[in-house]
Amino acid sequence: MEIEKILWIPDECPACGVKLQKGSTKCPNCNYDLFNELNKRCPKCGKRIPLGSKFCIRCGNDLKKSKCNKCGYENEKTSKFCIKCGNVL
């Protein structure tokens, strides 16, 4: 089993921008699940994906996001609806 450290935890919610308390796993404003965001893995090889990565550091898989044309939030490219505003992507 591969053990990895989380080197950086954001101080603002990536979905709504509200300041997060130290150790928070969910945003108190929009309920965004920060824990799941920090533990995402590449759908191709399974390597943990550092927050904000555009490509997998192991296999090079393209991890680009789909930008919502209503609110501008960057969603997973496989998403059908915006996670922030619910708009159809």
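The values are calculated or read from the model by the stated rules, or taken from the named source; none is laboratory data. Please read these numbers as outputs of a predicted model, since none were measured by experiment. Neighbour counts run over all protein chains shown; Cβ positions are idealised from the backbone, glycine included.
When restricted to residues that are in contact with a strand residue (DSSP E or B) (Cβ under 7 Å, 6 or more places away or on another chain) and either within 21 Å of residue 31 (Cα to Cα) or touching a residue at least 60 places away in the same chain (Cβ under 8 Å) (or both), segment 44-65 contains 1. Per this entry, residue 57 is counted among residues that are at pLDDT 90 or above and either aliphatic (A, V, I, L, M) or outside any loop (DSSP other than H, G, I, E, B) (or both).
Can you find, within segment 1-23, the residue that is nearest to residue 46 (Cα to Cα) among those that are more than 15 Å from the chain's Cα centre (by Cα), modelled with pLDDT of 75 or more and assigned to a loop (DSSP other than H, G, I, E, B)? So, considering only residues that are more than 15 Å from the chain's Cα centre (by Cα), modelled with pLDDT of 75 or more and assigned to a loop (DSSP other than H, G, I, E, B), the one nearest to residue 46 (Cα to Cα) is 23.
Quick check on segment 62-80. Is at least one of its residues of a type in the set (Phe, Trp, Tyr), within 25 Å of residue 18 (Cα to Cα) and at pLDDT 90 or above? Write out each step before concluding.
Step one: of segment 62-80, the residues of a type in the set (Phe, Trp, Tyr) are 73.
Going one step further and asking which of them are within 25 Å of residue 18 (Cα to Cα), we end up with 73.
Checking the rest, the ones that are also at pLDDT 90 or above come to none.
No, segment 62-80 has no match at all.
Of the residues making up segment 41-69, those that are out of contact with any Asp or Glu (no Cβ under 9 Å at 6 or more places or on another chain) and within 21 Å of residue 12 (Cα to Cα) are 49, 50, 52, 53.
Take the residues in segment 60-89 that are assigned to a strand (DSSP E or B) and charged (D, E, K, R); name whichever of them is surrounded by the most Cβ atoms within 10 Å (Cβ to Cβ). Give the derivation first.
Our first condition is that a residue be assigned to a strand (DSSP E or B); within segment 60-89, this holds for 62, 65-67, 74-76, 81, 88.
Still in the running and charged (D, E, K, R): 62, 65, 67, 74, 76.
Details: 62: 9, 65: 13, 67: 14, 74: 16, 76: 14.
By that ranking, first place goes to 74.
Scanning segment 33-48 for residues that are modelled with pLDDT of 85 or more and either in contact with a helix residue (DSSP H, G or I) (Cβ under 7 Å, 6 or more places away or on another chain) or not in a strand (DSSP E or B) (or both) turns up 42, 44, 45, 46, 47.
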